[in-house]
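One structure is given below, encoded as structure tokens.
The values are calculated or read from the model by the stated rules, or taken from the named source; none is laboratory data. What you see is a predicted model, and the numbers here were worked out from it, not measured in a lab. All Cβ positions, even for glycine, are placed from backbone atoms using ideal geometry, and neighbour counts span all protein chains on display. Ligands, DNA and RNA are stripped out before the accessible areas are found, and what is left, the full protein with its side chains, is counted by its heavy atoms. Shrake-Rupley method; radii C 1.70, N 1.55, O 1.52, S 1.80 Å.
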Amino acid sequence: NYGHGGSGWSLSWGAAYLAVGHAAATLERRVAVIGCGIIGLTSALTALRAGLDVTIYTRDLLPHTRSVRANGSWTPDSRIALSAQASPSFARTWEQMARYSLQTYRDYLGLPGNPIDFRDNYTLSDTPLDAADHAPAPTDAGKG
Ligand SMILES: Cc1cc2nc3c(=O)[nH]c(=O)nc-3n(C[C@H](O)[C@H](O)[C@H](O)COP(=O)(O)OP(=O)(O)OC[C@H]3O[C@@H](n4cnc5c(N)ncnc54)[C@H](O)[C@@H]3O)c2cc1C
């Protein structure tokens, strides 16, 4: 992952796009992907679509990867990194990943089985949500 601990699903297509760009720049046509969680799968698909020859090496196969049980929301900016630890270029990299991922996920809207859809999301609070001391509601626990 490009410095994001969480938000793997949300940023996956963008992270894959960056990784495959690095791989393609070597001019090597055979690519190895380690792991088949969401990062490995999107990297492998992106590489395949770029015409590369892909082999996945993995310990756990679907549905036994963590990614299968840990997803749900478009949350590209949750639990990313401590700003002190992030490199100066990370903000730009993050924006690239977020925009590319969103663009790609939108292509899945309306497909059979509704793999992606828009949903209204509500947060209840006794304090105004824009108050400085507002803490995330416990219902945010499912966010990655
Ligand atoms: C409760 C929870 C909810 C979440 N909700 C969201 C959400 O709503 N939206 C969102 O964007 N993100 C969410 N996340 C974060 C997201 O799930 C992760 O960032 C993402 O799944 C990480 O994917 P991954 O492919 O890097 O890892 P994994 O899914 O863990 O895959 C790792 C792969 O590498 C393989 N592997 C590991 N070690 C080796 C080895 N030594 N040799 C070979 N293969 C190896 C494994 O077998 C597996 O195939 C959530 C996380 C949690 C915990």
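Odds and ends about this structure:
- Tally, over region 85-101, of residues that are assigned to a helix (DSSP H, G or I) and out of contact with any helix residue (DSSP H, G or I) (no Cβ under 8 Å at 6 or more places or on another chain): 4
- Just so you know, in region 60-84 the residues that are small (Gly, Ala, Ser), part of a loop (DSSP other than H, G, I, E, B) and under 18 Å from the mean Cα position of the chain (by Cα) include one that is surrounded by the fewest Cβ atoms within 10 Å (Cβ to Cβ), and it is 72.
- Residues that are among the hydroxyl-bearing types (Ser, Thr, Tyr) and open to solvent by 60 Å² or more (accessible area, probe 1.4 Å) were ranked within region 88-107; the one that is farthest from residue 38 (Cα to Cα) is 89.
- Candidate set from region 75-103 (those that are hydroxyl-bearing (Ser, Thr, Tyr) and within 13 Å of the ligand (Cβ to nearest atom)); member that is nearest to residue 20 (Cα to Cα): 101
- Matching residues in region 40-59 - criterion: being within 7 Å of the ligand (Cβ to nearest atom) and either open to solvent by less than 60 Å² (accessible area, probe 1.4 Å) or small (Gly, Ala, Ser) (or both): 40, 58
- Exactly one residue out of 72, 35 is touching a residue at least 40 places away in the same chain (Cβ under 8 Å) and over 16 Å from residue 21 (Cα atoms): that is 72.
- Candidate set: region 15-39, residues that are buried (at least 20 other Cβ atoms within 10 Å of the Cβ) and farther than 23 Å from residue 108 by Cα; chosen: the one nearest to the ligand (Cβ to nearest atom): 33
- Residue satisfying condition, being modelled with pLDDT of 95 or more, of a type outside the set (A, V, I, L, M, F, W, C), at positive phi and more than 15 Å from the chain's Cα centre (by Cα), within set 51, 35: 51
- Flag if residue 141 is at pLDDT below 95, more than 10 Å from the ligand (Cβ to nearest atom) and either under 17 Å from residue 7 (Cβ atoms) or assigned to a loop (DSSP other than H, G, I, E, B) (or both): no
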